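Worksheet: one structure, shown below.
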Amino acid sequence: MELRGKNILLVEDDQKIRQLIKIYLEKSGFEVIEAEDGEEGQRKFETYDPCFVIMDLMMPKQTGEELCRRIRSEWKSDVPIMMLTAKVDEQERINGLQLGADDYVTKPFSPQELVLRVETILRRTANRCSKISYRGLTVKPFRGEAKCNGALLPLTKHEFRLLHFLMQHPGQILSREQILEELYPNSEKLVIERTIDVHVSKLREKLAETECTTECIETIRGMGYRFVIY
């Protein structure tokens, strides 16, 4: 299982700068996903769904401004973004912030300060950055969004809450009564336990349609369901 807030996408064409930042981020407990140009950064953003993006402004193939614009406008993502630039022009910084960047760092910079800035932004954006993921299956509770290998799962409200509830308790058997209380608070008398079986069946169907594992939701006969980590 992985809690969002640990994986950072670092898009920087200067290998020495990229490696320096990576070393300091990893010392602070972050997993760093590297990309050396804007196009690779775009691919890895779509694949890994990072909790934070650090990107150089001037890059080959696709600039940081273009990548930032796509993240905010096309993918509608509110992931925190930090821009790196050798430029000191005030208007350039304003343009980056207007595109949706959360912070702007001018080169040369202190790697220790950069890490502190990242941690500060993540604390401030903790709610919108949270996620639970396992083997390509990701749930973002504050966005009401679930994805499988980057593809959005078309879940109903109750299917989403069911998946989230199961993933919050990995390895734990949850009875139908417990799930009913989570999905239908204060409505126990109006909903039968069989409803949970229907929700689980529909959820498994939608996971299968997106080629996501369905084996992670295990039926425990006579007891309920659990989310299994292999």
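Values quoted throughout were computed directly from the atomic coordinates according to the rules given, and no laboratory measurement underlies them. Quantities reported herein were computed from a predicted structural model and do not represent experimental measurements. Positions of Cβ are backbone-derived with ideal geometry, glycine not excepted, and every protein chain shown enters the neighbour counts.
Rounded to the nearest 0.05, what FRET efficiency do Arg135 and Thr219 give with R0 = 30 Å and r taken as the Cβ-Cβ distance? Could you check?
After rounding to 0.05, the efficiency reads 0.95.
Remind me, what semi-axes does region 132-227 give for its equivalent ellipsoid, largest first in whole Å, using sqrt of 5 times each Cα gyration tensor eigenvalue?
Three semi-axes, in Å: 21, 14, 12.
Below 8 Å between Cα atoms, with a sequence gap of 6+, how large is the relative contact order for region 132-227 in percent?
For region 132-227, the relative contact order is 30 percent.
If the reach is capped at under 16 angstrom between alpha carbons, list the lysines near Lys61, excluding any in the same chain fewer than eight residues apart.
Lys44
For helix 38-48, what angle does its Cα long axis make with the longest principal axis of the chain, in degrees from 0 to 90 and rounded to 10?
Between helix and principal axis, roughly 20 degrees.
Percent relative contact order of the chain, based on C-alpha pairs within less than 8 angstrom and at least six residues apart?
Here the relative contact order equals 16 percent.
Springs between alpha-carbon pairs under 10 angstrom, Gaussian network model over the chain: which of Tyr48, Tyr104, Tyr184 fluctuates most?
For the chain, modelled as a Gaussian network with Cα springs under 10 Å, the answer is Tyr184.
For region 196-230 and region 1-79, what is the separation of their Cα centres, given in Å?
33
Restricting to bridges with both residues inside the chain, how much of the DSSP beta-bridge set is antiparallel, in percent to the nearest 5?
Just about 45 percent of them are antiparallel.
Taking square-rooted eigenvalues a ≥ b ≥ c of the alpha carbon gyration tensor, is the chain rounded, prolate or oblate, where a/c under 1.5 means rounded and, failing that, a/b exceeding b/c means prolate?
prolate
Among Asp103, Asp14, what is the fewest-to-most ranking by other Cβ atoms within 10 Å?
Asp14, Asp103
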